[in-house]
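Peer 1: I am attaching a structure below and will ask some questions about it afterwards.
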Amino acid sequence: MDVPSNFDPGLSQKIADLNDAFRTTFLGGSLCITVAVQERGPDFVKAVLVRVRDYQTFGPENDPHGEHDFGVLLVEEQQLYWKIDYYDPSMRHGSDDPARPDITRRVLTVMFWDEY
């Protein structure tokens, strides 16, 4: 996979640290779970969130920029995705700089693979 010419590993690490802090605590942003995931019941949702929190399977195939913003899970033989998006504080536009928590609102979405 080609690395963009403007790739900054230091900036990516800062974003990854912020994403990991949010993903492992669910504090400092918003958590969205699709209706289809919720319909599986509270025990399923809990199992999914524990797997999201504990996720460490980052590699070039799912994390090419090293930002820890995406993952694939298998829970009860169901494939799910989680992803983190970055918005401005008003939640109307994308963040100008996801490495700056003062101007970025993180949103973690959990969904089934066919909802992506």
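Nothing in this text is a laboratory measurement; each read-out follows from the coordinates by a stated rule. On a predicted model such as this, the values are computed, not experimentally measured, just so you know. FYI the Cβ positions are ideal-geometry reconstructions off the backbone, even for glycines, and counts take in every protein chain you see.
Peer 1: Tilt of helix 9-25 relative to the longest C-alpha principal axis of the chain, in degrees (0 to 90, nearest 10)?
Peer 2: Roughly 30 degrees between the two axes.
Peer 1: Right, here's the next one. Taking the Cα centre of the chain as origin, sum charge times position over the Cβ atoms of Lys and Arg (+1) and Asp and Glu (-1), and report the length of that vector in debye to the nearest 20.
Peer 2: Here the size comes out at about 400 debye.
Peer 1: Considering Cα pairs under 8 angstrom that are at least six residues apart, work out the relative contact order of the range 1-92 and quote it in whole percent.
Peer 2: This gives 28 percent for the range 1-92.
Peer 1: Given a 10 angstrom Cα cut-off, can you work out which residue in Gly29, Gly41, Gly94 is the most mobile in a GNM of the chain?
Peer 2: Top of the fluctuation ranking is Gly41.
Peer 1: Also: Calculated from DSSP H runs of 4 or more alone, at -39500 (n - 2.57) each and per residue, what is the 222 nm mean residue ellipticity of the chain, nearest 500?
Peer 2: Per the formula, -9000 deg cm²/dmol.
Peer 1: Per residue of the range 35-48, in order, report the coupling 6.51 cos²θ - 1.76 cosθ + 1.60 (Karplus, θ = phi - 60°) as ³J(HN,Hα) in whole Hz, putting x for Gly and Pro.
Peer 2: 4, 4, 5, 4, 5, 6, x, x, 5, 5, 4, 4, 4, 5
Peer 1: Of (1) 1.42; (2) 1.25; (3) 1.08, which is the value of Cα Rg over 2.2 N^0.38 Å derived from the coordinates here?
Peer 2: The value matching this structure is (3).
Peer 1: While we're looking at this one, here's another question. With an 8 Å cut-off on Cα pairs and a minimum separation of 6 or more residues, tell me the relative contact order of the range 69-116 in percent.
Peer 2: Result for the range 69-116 is 35 percent.
Peer 1: Now for a separate question. For a Förster distance of 25 Å, can you work out the FRET efficiency between the beta-carbons of Val107 and Glu76, rounded to the nearest 0.05?
Peer 2: The formula returns an efficiency of 0.50 here.
Peer 1: Relative to the present Cα-Cα distance, how much length would full extension add between Glu39 and Asn62 at 0.36 nm per residue of separation?
Peer 2: 5.6 nm
Peer 1: Please name which of Val37, Thr25, His93 has its Cα lying farthest along the dipole of the chain towards the positive end, using unit charges on Cβ (Lys, Arg +1; Asp, Glu -1) and the Cα centre as origin.
Peer 2: Of Val37, Thr25, His93, it is Thr25.
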